[in-house]
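This report refers to the structure that appears directly beneath it.
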Amino acid sequence: MPKTENNELPSDVQSERVILAAILIDNEYFFDESLDLNVGDFFLDSHQKIFQTMNEIIMGMVEGVSHVDELTLQNELRKRKWLSSVGGAAYISGLNEGMPRRIKLPEYVRIVKDKARLRRLLNIFTSGAHRAEDQSEASSTILESIQ
């Protein structure tokens, strides 16, 4: 994916952490209609893996487990050989460090989704720019695919 001028892609890792920690604290947050997130909305690969695993546990796709907490999450990540790649048990346990006192989850979801949209836009426009530079396609074809 392309980089921006300051060499960083749009993201808000702290907002991602708040969302993941909130779900760990109370699985009901996962079913909140405002939590219309998918794995690709998370910037960090580790957060994508954590959210995917939480999703599969909560949705009953993991045999014998229907509630996600620190221990069930760590256990499932360990089974998938992902625990060390997401920062280990210490990272999972520390997700709720620095959590706001009052969680307004829709605000954090809005931030994360907005950053994900910005990354997708950057990818689309960068791809279009490369295709235009290449000059092997008609401009109308490139423009149509961007739109």
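The values are calculated or read from the model by the stated rules, or taken from the named source; none is laboratory data. Computed from a predicted model, the values in this text were never measured in an experiment. Every residue, glycine among them, receives a Cβ derived from its backbone with ideal geometry; neighbour counts consider all protein chains shown. To get the accessible areas, we keep the full protein, side chains included, count just its heavy atoms, and leave off ligands, DNA and RNA. Shrake-Rupley method; radii C 1.70, N 1.55, O 1.52, S 1.80 Å.
Across the stretch 106-132, what is the total count of residues that are more than 20 Å from Gly40 (Cα to Cα) and at pLDDT 90 or above? Working first, answer last.
Just the residues of the stretch 106-132 that are more than 20 Å from Gly40 (Cα to Cα), to begin with: 128-132.
Add one more test, that the residue is at pLDDT 90 or above, and what stays is none.
Matching residues across the stretch 106-132 total 0.
Is there any pair linking a residue in the stretch 8-31 that is without any contact (Cβ under 8 Å) to a residue 60 or more places away in the chain to one that is among the polar types (S, T, N, Q), with Cβ under 7 Å and at least six apart or on different chains, and which?
none
Which members of the stretch 20-44 meet the condition of being open to solvent by 60 Å² or more (accessible area, probe 1.4 Å), acidic (Asp, Glu) and touching a helix residue (DSSP H, G or I) at 6+ places or on another chain (Cβ under 8 Å)?
Asp36
It is to be established whether one or more residues within the stretch 92-105 are out of contact with any Pro (no Cβ under 8 Å at 6 or more places or on another chain), aliphatic (A, V, I, L, M) and over 26 Å from Asp45 (Cβ atoms).
no
Run down His47, His130 and say which single residue is assigned to a helix (DSSP H, G or I), surrounded by fewer than 13 Cβ atoms within 10 Å (Cβ to Cβ) and not hydrophobic (A, V, I, L, M, F, W, C).
Only one candidate passes the filter, namely His130.
Would you please name the residue that is modelled with the highest pLDDT, looking only at residues in the stretch 92-105 that are assigned to a helix (DSSP H, G or I) and surrounded by 16 or more Cβ atoms within 10 Å (Cβ to Cβ)?
My answer is Ile92.
Kindly provide the set of residues from the stretch 50-90 that are surrounded by fewer than 16 Cβ atoms within 10 Å (Cβ to Cβ), hydrophobic (A, V, I, L, M, F, W, C) and outside any helix (DSSP H, G or I), ordered by number.
Selection gives Met59, Met61.
Which of the numbered conditions does Glu16 fail, given that it passes all the others? Conditions: (1) within 24 Å of Arg119 (Cβ to Cβ); (2) charged (D, E, K, R); (3) not in a helix (DSSP H, G or I).
For Glu16, the failing item is (3).
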